[in-house]
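In what follows, a single structure is set out as structure tokens and then discussed.
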Amino acid sequence: MASLINPARVDFVTLRLFCAVAQSGSITKGAEACHLALSAASRRLSDFEAATGSKLLERSSQGIALTPAGHVAMQHAMRLFQGFEQFSNELGDYSSGVRGHVRLWANMSALTEFLPATLAAFLGQHPDIRVEVEEQLSGDIVRALVDGLADVGVFAENTPAYGLDVAQFQTDELVVLCARQHPLARTRRTDFKTCLAHEFVGLNRSSSLLELTSRAAEQAGIPMRLRVQVRSFDAMCHMIAANLGIGVVPLAACKAQVSALDLKVVRLKDAWAVRRLLMATKTGETLSPAAQLLVAQLLASST
């Protein structure tokens, strides 16, 4: 069995140095970033490797690279820094009169459609609570909840959510958008299989919406031809307006762009076009009073 690391032999200065060296690929640059002499930095890194019992850095004439064990060490070091930063922020909140801090991660649909009004109401009722909001992909939100990097998450259904307590938050309607000159523009309502005869504009990989439409195409037995992939609904709408393809989007999230870019909305007959958004917390996790209040607000606003 591998021996445990002695915490007395590892400190935050060493961890920060290790991360700086890993990110810069240079012990010299890492030492400069941490305001350490090169000899002191080298000794700290050697002591750190000895404490872990593993080789963490590969040294070569090209610079420094992480070993597989080094990548694991880097991940844990970054989590420790995030935890320490949260610790500092929350104590700072108390000293400045802010008495709560909640980390909310949500996907693009939830942030665009539903959360602004809910958060405005919540913060109006609880001005002493700070909500830190991050937009992330649904799969990343689940991992953040499990790893303790987020307190509350909102993401699309059909995202594997093992280890989480899940409740329905909202529903949104997925529609097809196309340019006015596109052949589908003459259609008011269609099924997704018919849409597969055309090229698509989609979100980047790992998007829950891309996974949903790709799975629907696979079930239809027709490959979905992605001509363009972008990072946001706004970018999708502009590409669609340029007639580079059609796109499946949440209608409520894109109403402003539909009007501004004169896009045509084609409703889908498929059952999956009515999509649920879920709210989740980590199973067995004791939420802070501030997080409990936010969860209650989200559930009260759910449909």
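Scanning the range 239-270 for residues that are free of Cβ contacts under 8 Å to residues at least 40 places away in the same chain and surrounded by fewer than 16 Cβ atoms within 10 Å (Cβ to Cβ) yields LYS255, ALA256, SER259, ALA260.
Here is the figure for the range 291-302: residues that are surrounded by 13 or more Cβ atoms within 10 Å (Cβ to Cβ), assigned to a helix (DSSP H, G or I) and within 22 Å of the chain's Cα centre (by Cα) total 6. Among the residues making up the range 42-71, a single one is in contact with a helix residue (DSSP H, G or I) (Cβ under 6 Å, 6 or more places away or on another chain) and among the β-branched types (Val, Ile, Thr): ILE64. Does GLN229 count as outside any helix (DSSP H, G or I), polar (S, T, N, Q), under 18 Å from SER109 (Cα atoms) and out of contact with any Cys (no Cβ under 8 Å at 6 or more places or on another chain)? Yes; evaluated as a whole, the condition is true for this residue. Where strands (runs of 3 or more DSSP E) fall wholly inside the range 127-189, the ranges with 2 or more residues that are within 12 Å of the chain's Cα centre (by Cα) are 129-135, 152-156.
In the range 130-175, the qualifying residues are those that are among the small types (Gly, Ala, Ser) and under 23 Å from VAL201 (Cα atoms), and the one that is surrounded by the most Cβ atoms within 10 Å (Cβ to Cβ) is SER138.
Every condition in (1) assigned to a helix (DSSP H, G or I); (2) within 12 Å of VAL175 (Cα to Cα); (3) in contact (Cβ under 8 Å) with a residue 24 or more places away in the chain holds for GLU211 except the one numbered (2). Can you confirm whether ALA252 is in contact with a strand residue (DSSP E or B) (Cβ under 8 Å, 6 or more places away or on another chain) and assigned by TED's automatic domain parsing to the domain that holds LEU115? Yes, satisfied. Taking the range 271-290 as the range and being surrounded by fewer than 18 Cβ atoms within 10 Å (Cβ to Cβ) and either closer than 20 Å to VAL176 by Cβ or in contact with a strand residue (DSSP E or B) (Cβ under 9 Å, 6 or more places away or on another chain) (or both) as the test, the residues that pass are ALA271, TRP272, VAL274, ARG276, THR283, GLY284, GLU285, LEU287, SER288, PRO289.
The values are calculated or read from the model by the stated rules, or taken from the named source; none is laboratory data. Everything numeric in this text was worked out from a predicted model, so none of it was measured. For neighbour counting, all protein chains shown are included, and Cβ atoms are generated from backbone atoms with ideal geometry for every residue, glycine included.
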